[in-house]
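Engineer: My questions will all concern the structure given below.
The values are calculated or read from the model by the stated rules, or taken from the named source; none is laboratory data. Everything numeric here is computed off the predicted structure, so don't read it as measured data. When we count neighbours, we look across all protein chains shown, and the Cβ atoms used for this are built from the backbone with ideal geometry, even at glycine.
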Amino acid sequence: MKEEDLLHAETYRDRVSTVNKTGGRNWVYALKPKGKWFNYRKVLAYFYLAIFFIMPFIKVNGLPFLMINVPKGKFILFTKIFWPQDFFIFAVAMITFIVFIVLFTVVFGRLFCGWVCPQTVFLEFVFRPIEWLIEGTPSQQKKLNANKWTKEWILKKSLKHFIYFFISFVIAHTFLSYVLGIDEVIKVIKEPVTEHIGLLSGLIIFTYLFYGVFAFVREIVCTTICPYGRLQGVMFDKDTMQISYDYNRGEPRGKLHKNEERKEGDCINCMKCVQVCPTGIDIRNGLQMECVGCTACIDACDEVMETVHFEKGLIRYASENEITTGKKFVFNARIKAYTGLLLILFIFMMTLVATRKTIDTFIARVKGPLYQEVGEDKLSNLFDAKIINKTKYKVPITLKLEELEGSVKLVGDKEIVLKSETVNERTFFLEIPKKEIKKRSTSIKIGVYKDGEKIQTIKTKFLGPFI
Ligand code: SF4
Ligand code: SF4
């Protein structure tokens, strides 16, 4: 190993790859990847982008597929409306999601980051390709940046940043449509600016945020800011699948010399794997927090191996154990435990979703008067009902006393027609013949009926005189 390589091998962990010795930024001029893995990722990324931009426009029965309206506390998942009252389902879903993320990371490392993280997908498949198109290859980009304020520099930079800003503007609107719904966003666009100052300010802030992230911050999000990235270290073990350099095969690295018997390993020290890396690291130094698992170095090295007629896979998906011992992936005790837990949580969550009520009723006695005499042979109690209609439709319902003789007398309108997506409040008297009341507090059941079918039974108490 050369002296400078030795020095680098000793010091590369002392600082972030994109920070230079004086604390300044080392701008990453990544080579455009090409190869099998990049093609797979490209297909997935464009499919993903299509879904992201098209989904807000898709509606089933007037409801979007996904809407997360935090300000109004209204959530729509797969066209089902969830309310703050369904928070329990959300809590279980979040726990399930976290366990899934942990399990997935233990087994597959940063697969999520490299393949489906929006940061990677937008940067590598939208913003960076635009840069390659306008400013050319990394060496052309470096040359351009070395001659600032020339006509070419001003023209290319203006064009690139104008496009970046426009795309960020579209992304901000698309995100907003996942919060408010596409109809509301179209309304905001069409109506006078003065009527939506708050929303427009939010849109401008988010546009600048996306623009700043994709135009300038870039890989720093993955290497320094993202908490998921920072947690990798505690989730990885020696069986975690990761992008690995097979040092047993590659070392000692050394240039390839024609017509000379090769004494070194298979790494010809061409640096292609480094030049293509979007976070600017050298994967040959081993697993690093900065590696987002993008596979670009696998493709680059495979191409080199093919050219020099060595076996591909010097850099590949493999666990540390596989590299050191040659042992294949093991389904260890930790993975089994996580999988079991995940399965239980998933079944529990699906049960909650399947049994979730779209009409939810809460009935309670009105505080104050205990009971009233109605004529000579009946007693009555006053009740308040809160009935949540989570559907988009008006729903007529009826309340009936179950198991005992008696009747529900509504105060006000004689019918209950629930307004859509609201909490409906009604007050009613429950009249029960005295002969049915045999003690001070009688447990009763009130049935909630929709189209003649019972959808809920509410248990409560009916108070009478001391007997
Ligand atoms: S691309 Fe492969 S051969 Fe070239 S330096 Fe990287 S690991 Fe070595
Ligand atoms: S080391 Fe390889 S997989 Fe990791 S970020 Fe760099 S190019 Fe992508």
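Engineer: Scan region 236-243 and tell me whether some residue there is near ligand 1 (Cβ under 10 Å from one of its atoms), more than 17 Å from PHE122 (Cβ to Cβ), among the hydroxyl-bearing types (Ser, Thr, Tyr) and touching a residue at least 60 places away in the same chain (Cβ under 8 Å).
Structural biologist: Within region 236-243, none of the residues are near ligand 1 (Cβ under 10 Å from one of its atoms), more than 17 Å from PHE122 (Cβ to Cβ), among the hydroxyl-bearing types (Ser, Thr, Tyr) and touching a residue at least 60 places away in the same chain (Cβ under 8 Å).
Engineer: Considering region 109-148 alone, what residues qualify as being of a type in the set (Ser, Thr, Tyr) and either outside the structural domain of PHE52 (by TED's automatic domain parsing) or in a helix (DSSP H, G or I) (or both)?
Structural biologist: Those that are of a type in the set (Ser, Thr, Tyr) and either outside the structural domain of PHE52 (by TED's automatic domain parsing) or in a helix (DSSP H, G or I) (or both): THR120, SER139.
Engineer: If you don't mind, there's one more thing I want to ask. Restricting to region 254-290, name every residue that is of a type in the set (Gly, Ala, Ser) and either under 27 Å from ALA215 (Cα atoms) or modelled with pLDDT under 90 (or both).
Structural biologist: Passing the criteria: GLY280, GLY286.
Engineer: For residues that are outside any helix (DSSP H, G or I) and surrounded by 12 or more Cβ atoms within 10 Å (Cβ to Cβ), tally how many sit in region 318-357.
Structural biologist: Total meeting the criteria: 8.
Engineer: Here's something else I'd like to know. I need a count of the residues in region 284-312 that are in contact with a Ser or Thr (Cβ under 8 Å, 6 or more places away or on another chain) and within 12 Å of ligand 1 (Cβ to nearest atom).
Structural biologist: The qualifying residues number 0.
Engineer: For the condition within 16 Å of ligand 1 (Cβ to nearest atom) and touching a residue at least 12 places away in the same chain (Cβ under 8 Å), what is the one hit in ILE335, ILE359, ILE315?
Structural biologist: ILE315
Engineer: Follow-up question, since we're still on this one. Being over 30 Å from SER244 (Cβ atoms) and in contact with a Gly (Cβ under 9 Å, 6 or more places away or on another chain) narrows it down to one residue among GLU373, GLU436, GLU403, GLU425; which is it?
Structural biologist: Just one listed residue meets the conditions, GLU436.
Engineer: Which of (1) assigned by TED's automatic domain parsing to the domain that holds PRO138; (2) touching a residue at least 40 places away in the same chain (Cβ under 8 Å); (3) exposed (fewer than 12 other Cβ atoms within 10 Å of the Cβ) does TRP37 not meet, given it meets every other one?
Structural biologist: Answer for TRP37: the failing condition is (3).
Engineer: What residue, of GLY280, GLY265, GLY254, is surrounded by fewer than 20 Cβ atoms within 10 Å (Cβ to Cβ), near ligand 2 (Cβ under 10 Å from one of its atoms) and in contact (Cβ under 8 Å) with a residue 12 or more places away in the chain?
Structural biologist: GLY280
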